[in-house]
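Report on the structure given below.
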Amino acid sequence: MAQTPTSRGAAKKSPSALPSSTQSDSFRGNAGELQQQAGGKHPVLTTQQGIPVADNQNSLRPSPRGPTLLEDFILREKITHFDHERIPERIVHARGSAAHGFFELTHSLKQYTTAKVLTEVGVQTPVFTRFSTVAGGAGSVDTPRDVRGFAVKFYTPEGNWDLVGNNIPVFFIQDAMKFPDLVHAVKMEPDRAFPQAASAHDTFWDFVSLMPETMHMIMWAMSDRTIPRSLRMMEGFGVHSFRFVNAAGDSTFVKFHWRPKLGIQSTVWDEAVKLQSADNDFHRRDLFEAIEAGDFPEWELSVQLFTEEDAERFPFDHLDPTKLIPEELVPLQPIGRMVLNRWPDNFFAETEQVAFCPANVPPGIDFSNDPLLQGRLFSYLDTQLSRLGGPNFTQIPINAPKCPFHNMQRDGHMQMQVPKGRVAYEPSSLQGDTPRASLAQGFRHFAQADDGDGRGKGRIRPESFADHYSQARMFFRSQSPLEQAHMASALVFELSKVATVHVREAVVGHLQHVDTDLAQRVADGLGMQALPPAPTAAEPVQDLPPSPALRIIDRMKPTLQGRCIGILVADGSNGNTVANLRKALEKVGATVKIVSPKVGGAVLKDGTLLPADGQLQGTPSVVFDAVASILSPDMGALLAKEAAAVDWFRDAFGHLKAIAACKGTQAILQAGGIEPDAGVVDPADAQGFIAAAQTRQWEREPKVRTLA
Ligand code: HDD
C-alpha cells in the first residue's frame, strides 16, 4: 500500500525509512509503490510539456508538514488544467448522447441533386449522430417531457453535411427572431432557477398563450412523442424545407425524415416520471448498451420531394416551420439507412465538442427561405465560437471534414495546422499549389427569383403564415382516442403547474380553436367552472383531412427486438423455468436481465447460483419493457411485504406492461392490489408472454388511471 502522509503519524515518518528506490534529492514522500497495482506496460506519466513525473501523489513542500511551494510546476499545471476542464454547455440541447456510424444510400437522387452522398448508391458515408433533450442542463435527466434533438453529421466527400433536426417535424415559432424568447421562457425561471428540464411552469405557458403560432407544436409536445422509450425508437425530421439542386441547376424542395427500424415507441407519463429517479441516464445507457451488445440502432432516411408548383397547391405555406406536409399529400421515398455502430471513445472530445450547423451543406443541397432556417444559418457558427473558444473548432477531430480541405483561413486561438509557404491570400501568382475556387465543383446557390410583392424591405410576417390552428387540429384529430386522452392529460398536468390563472385560461381559450372537446376536457381537468373565451383567430380554422401516419400507438412494432425484459428471481426459484423463459425471449431478440433481492444472485432450487444483473431495490420495473417473476411460494410470501417488490409489479401493471407471474408471485400481486388481466400470464407460457410483451396493454389503461 502507498504511504501517503495523510495522518500526522505518517507525515512524521522518517525519509530514511522509505524504500531506497524513492529516495533522491527531491523525494521526501512515497509515491512509487502505487505503480505496482495494475499489470501491463504503462508509459511514463508526463506533464503536458512531456516532462516525466516521478511522484503523482504529493505536492512539493519544504518539509513534511510545511506549506506547498509555488515552484511546484507539476502541481500548478495539473490543477490549472483541471480548473479549465469544462466549457460552456450548449444554451439549448445541452444534455446529449451520441454515436458513430454510417449512412448508406440505397436509391440515387441524381435526378434531383449533385450531392455525392445522395447519388452514389452503396457507398457508406461516416456519420456522427447526437440526440439531445432541449431545455435541461448537461447534467439533467434523460426522460423529461421534452422535444429530442436528432443531429446527424455526414462526413461526405464534398465536406460535412449537418442535418440538425428534432424528433418532431414542426417547430414552436415561425421566425428566428423569437428563438431567444422561446428558450428564455422554457428554461428554468431566471429569478428562482427552477424548474430544471421542464416546460410545466408559468413562463413557458405564458409565452405559449401569447404566441398562437406555437399551437401545432404544443400538440406534438403534449403527445407521447416527447416521452420516448428509447433514442433508438424515435423518428427524426429535418423540419424545414430544403432544396435539392441538380446538374442542370433545377431545384426541387425536400423534407427529410428518419424512421427507426425498431419502430416508434413511447413510455407512459407516470413511467417517464419514475424513470427520472430510477436512472437519470436511461436513454444514454440504453443506447450505449445496445451498441456494446452489437444490437446496432438503425434508421431509414426518406425524403418528401415537391416542386414550387406543388407547393402552390398546399393548403398551407411550406416555408412556415410550424407546418408539416402530410405524407398522404406527399409520400415518403426511402433513400438510405443509417446504422450507429460505435460508441465514442471519449465523451468530451466527441459528444461534447461536436459542433453542428444547419449551414453545413454540400453542393447540391441548398436552403429554402424558411425564416426560422435563415436565422439558424447564423446562430450555430456564432454559438460555437464562444462554446468552443475560437474559430479553429473545425479542426477538432470530431468536427474536421474527412475529405481534403484547403483555404486561406489562418491563425487564431488553438491553431493546430502548420501551413507552409508565403501565400495566404488569393489571387496569388507566387506559388503553384494554392487553393482556388472551382465553378465546376464548388457550392453554387440556387438562383432564386426574388418573390417580393413590390412592398419592399420590411419586418414582414407573410400572410400565408397566419393560420395557426388548422394543422394543430389536424394533428389532434389524427390521433387514436387513447393518444388524445394522453394529450389532454398532459395539458392538464402542465397547466396544473402554472400558478397564474389568466395564463391557464388563455391556453384553454386557444385549445377551443384546436378542438372544443379537447378544450372542455382540459378545462374540466383544471377545475374551471366555465370555458374561457377563445381568442380571435386570424384565419378561419380549416378541417384538414386527418393523417393516421401521425399516430404512434398503432405504429409500435410487434417485436421484442431491442426491448429489455426483467426476470425477478430469489433463493429457491425454479431454474428450469427461468432458463426456458430466458431462452425463448432471447430467441426473439429480447435482452433479458435477472433481478434478485441480492446482487450476488439467487441460489436456485437445484442449488446452483444464478448471478443477478440488478438488485431489486435498485432496479425498478420502469427500466424494463415487460417483467416476469419466478419465485418459490415462501419467497413470494416474504417479498409481498417488501415495498420494492410490490412496486415492481404495481408499476409494471400501471405502465401497461405484460407480466409473467408464477404461482409463488401471486401473494405480491395481491399485496399490490393487482387484478390480473389478459396481459398477466404464467411464465411457463413463454409464447403467451412474448405475444403480450410485444405491445403495451392499452385496454388496461382506463382501469389504472383517470385520463382527462
Ligand atoms: Fe437549434 C442546437 C435543432 C431552431 C439555435 N438545435 C441545436 C441542436 C439541435 C437543434 C438538434 C443540438 C445540436 C447538437 O447536438 O449539438 N434547432 C433545432 C431545430 C430547430 C432549431 C430542429 C427548428 C427547426 N436553433 C433553432 C433556432 C435557433 C437555434 C431558430 C436560433 C436562431 N440551436 C441553436 C444554437 C444551438 C442549437 C444556439 C445550441 C448549441 C449549438 O447550437 O451548437 O445555436
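The values are calculated or read from the model by the stated rules, or taken from the named source; none is laboratory data. In this text the structure is predicted, and so the values were computed from the model without any measurement. Heads up, the Cβs are rebuilt from the backbone with ideal geometry, glycines too, and the neighbour counts pull from every protein chain shown.
Cβ-Cβ under 6 Å, sequence separation 6+ or interchain: first residue in segment 130-148 and closer than 15 Å to TRP269 by Cβ, partner within 11 Å of the ligand (Cβ to nearest atom). Which pairs?
ASP146/THR133; ASP146/VAL134
Among the listed residues VAL254, VAL239, identify the single one that is on the phi > 0 side of the Ramachandran plot and within 16 Å of the ligand (Cβ to nearest atom). Give the steps one after another, and end with the answer.
Details: VAL254 fails: on the phi > 0 side of the Ramachandran plot.
After ruling out the rest, the residue left standing is VAL239.
Of the residues VAL141, VAL147, VAL134, which is of a type in the set (Val, Ile, Thr), more than 12 Å from the ligand (Cβ to nearest atom) and assigned by TED's automatic domain parsing to the domain that holds PHE288? Show your work before the answer.
On the way: VAL147 fails: more than 12 Å from the ligand (Cβ to nearest atom); VAL134 fails: more than 12 Å from the ligand (Cβ to nearest atom).
Answer to the selection: VAL141.
In this structure, is ASP467 in contact with an Asp or Glu (Cβ under 7 Å, 6 or more places away or on another chain), acidic (Asp, Glu) and either within 29 Å of GLU309 (Cβ to Cβ) or in the same structural domain as PRO326 (by TED's automatic domain parsing) (or both)? Steps first, answer last, please.
Working: in contact with an Asp or Glu (Cβ under 7 Å, 6 or more places away or on another chain): yes; acidic (Asp, Glu): yes; either within 29 Å of GLU309 (Cβ to Cβ) or in the same structural domain as PRO326 (by TED's automatic domain parsing) (or both): yes.
For ASP467, the condition - in contact with an Asp or Glu (Cβ under 7 Å, 6 or more places away or on another chain), acidic (Asp, Glu) and either within 29 Å of GLU309 (Cβ to Cβ) or in the same structural domain as PRO326 (by TED's automatic domain parsing) (or both) - is met.
Looking at (1) within 26 Å of MET211 (Cα to Cα); (2) surrounded by fewer than 20 Cβ atoms within 10 Å (Cβ to Cβ), can you tell me which one SER480 breaks?
Answer for SER480: the failing condition is (1).
I need the full set of residues from segment 150-192 which are in a loop (DSSP other than H, G, I, E, B) and more than 16 Å from the ligand (Cβ to nearest atom), in order please. Lay out the reasoning, then the answer.
Let us first name the residues in segment 150-192 that are in a loop (DSSP other than H, G, I, E, B), namely 157-158, 167-175, 187-192.
Listed by number, the residues that qualify are PRO157, GLU158, MET188, GLU189, PRO190, ASP191, ARG192.
Under 7 Å between Cβ atoms, which residue pairs at least 6 apart in sequence (or on different chains) link something in segment 175-197 that is in the same structural domain as SER379 (by TED's automatic domain parsing) with a partner that is within 11 Å of the ligand (Cβ to nearest atom) and part of a loop (DSSP other than H, G, I, E, B)?
PHE179/ILE173; LEU182/PHE172; LEU182/ILE173; VAL183/ILE91; VAL183/VAL92
Take the residues in segment 74-129 that are assigned by TED's automatic domain parsing to the domain that holds SER230, hydroxyl-bearing (Ser, Thr, Tyr) and surrounded by fewer than 18 Cβ atoms within 10 Å (Cβ to Cβ); name whichever of them is nearest to ALA198 (Cα to Cα).
Here the answer is THR106.
Quick grid of which residues meet (1) assigned to a helix (DSSP H, G or I); (2) in contact (Cβ under 8 Å) with a residue 24 or more places away in the chain; (3) β-branched (Val, Ile, Thr):
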residue	(1), (2), (3)
GLN304	no, yes, no
PRO321	no, yes, no
ASN341	no, yes, no
ARG376	yes, yes, no
GLY389	no, yes, no
ILE398	no, yes, yes
ASN407	no, yes, no
ARG410	no, no, no
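Being within 16 Å of ALA708 (Cα to Cα) and polar (S, T, N, Q) is the requirement here; does THR516 meet it?
Values: within 16 Å of ALA708 (Cα to Cα): yes; polar (S, T, N, Q): yes.
It is true that THR516 is within 16 Å of ALA708 (Cα to Cα) and polar (S, T, N, Q).
Just to be sure before I move on: is LEU275 buried (at least 19 other Cβ atoms within 10 Å of the Cβ), in a helix (DSSP H, G or I) and either free of Cβ contacts under 8 Å to residues at least 60 places away in the same chain or touching a helix residue (DSSP H, G or I) at 6+ places or on another chain (Cβ under 9 Å) (or both) in the structure I sent? Walk me through it before giving the result.
Details: buried (at least 19 other Cβ atoms within 10 Å of the Cβ): yes; in a helix (DSSP H, G or I): yes; either free of Cβ contacts under 8 Å to residues at least 60 places away in the same chain or touching a helix residue (DSSP H, G or I) at 6+ places or on another chain (Cβ under 9 Å) (or both): yes.
For LEU275, the condition - buried (at least 19 other Cβ atoms within 10 Å of the Cβ), in a helix (DSSP H, G or I) and either free of Cβ contacts under 8 Å to residues at least 60 places away in the same chain or touching a helix residue (DSSP H, G or I) at 6+ places or on another chain (Cβ under 9 Å) (or both) - is met.
Inspect segment 103-117 for any residue being within 16 Å of the ligand (Cβ to nearest atom), small (Gly, Ala, Ser) and in a loop (DSSP other than H, G, I, E, B) and give the result as yes or no.
Kept after step one, since they are within 16 Å of the ligand (Cβ to nearest atom), are these residues of segment 103-117: none.
Looking through segment 103-117, none of the residues is within 16 Å of the ligand (Cβ to nearest atom), small (Gly, Ala, Ser) and in a loop (DSSP other than H, G, I, E, B).
Check off (1) among the aliphatic types (A, V, I, L, M); (2) out of contact with any Asp or Glu (no Cβ under 6 Å at 6 or more places or on another chain); (3) in a loop (DSSP other than H, G, I, E, B) for ALA138 and give me the number that stays unchecked.
Answer for ALA138: the failing condition is (2).
Would you check if there is a residue in segment 438-447 being without any contact (Cβ under 8 Å) to a residue 60 or more places away in the chain, under 23 Å from VAL541 (Cβ atoms) and not assigned by TED's automatic domain parsing to the domain that holds ALA311?
Looking through segment 438-447, none of the residues is without any contact (Cβ under 8 Å) to a residue 60 or more places away in the chain, under 23 Å from VAL541 (Cβ atoms) and not assigned by TED's automatic domain parsing to the domain that holds ALA311.
Quick test for you: out of LEU372, LEU340, pick the one residue that is buried (at least 21 other Cβ atoms within 10 Å of the Cβ), within 15 Å of the ligand (Cβ to nearest atom) and over 30 Å from LYS178 (Cα atoms). Steps first, please.
Values: LEU372 fails: over 30 Å from LYS178 (Cα atoms).
The match here is LEU340.
May I ask you to verify whether VAL354 is crowded, with 16+ Cβ neighbours inside 10 Å, touching a residue at least 40 places away in the same chain (Cβ under 8 Å), within 9 Å of the ligand (Cβ to nearest atom) and assigned to a loop (DSSP other than H, G, I, E, B)?
On the way: crowded, with 16+ Cβ neighbours inside 10 Å: yes; touching a residue at least 40 places away in the same chain (Cβ under 8 Å): yes; within 9 Å of the ligand (Cβ to nearest atom): yes; assigned to a loop (DSSP other than H, G, I, E, B): yes.
Here the answer is yes, as VAL354 does meet what is asked.
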